[in-house]
Amino acid sequence: MIPNLYLFISGLIILLVIFVILVNWLWNSTLPRLFDFKEISIWETIKILLLAGILFGGARLPFAYNITENFSNTGHGMQGLSKTISWTWGSQK
């Protein structure tokens, strides 16, 4: 189970790095020519992406972890306990 977690985290980091490099390339190849903006570094790209995530995406993660506990009144103590754990992708309203 742990090697799968390491593989998953490594994949997320690789995708994040590719995304940052892509946004940096798009910015530096387009905006300085069109609007006379200066070219930005990788660190400035990360800052812009974080700022855009806060301003436009809120403080949500792209996935949510939800645990709900339901106690049914069976009169037998904890036998009526059921726990539901679910992962959802996207924003939940």
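Read the figures in this text as sums done on the coordinates, not as results from a lab. Worth saying up front: this structure is predicted, and the values here are computed from it rather than measured. Cβ atoms come from the backbone with ideal geometry, glycine included; neighbour counts cover every protein chain shown.
Place the peptides 16-25, 47-56 in order of packing, highest mean first, counting for every residue the other Cβ atoms within 10 Å and averaging per peptide.
Averaged packing, sorted descending, gives the order 16-25, 47-56.
Give me the number: length gained by fully extending TRP27 to ILE14, i.e. 0.36 nm times residue separation minus the C-alpha to C-alpha distance, one decimal in nm. The partial results should precede the final answer.
On the way: separation 13, 0.36 × 13 = 4.68 nm, distance 2.00 nm.
Taking TRP27 through ILE14 to full extension adds about 2.7 nm, to one decimal.
What Rg and what Dmax come out for segment 1-42 when only alpha-carbon atoms are used, in angstroms?
Using the Cα atoms of segment 1-42, the pair Rg, Dmax is 15.5, 50 Å.
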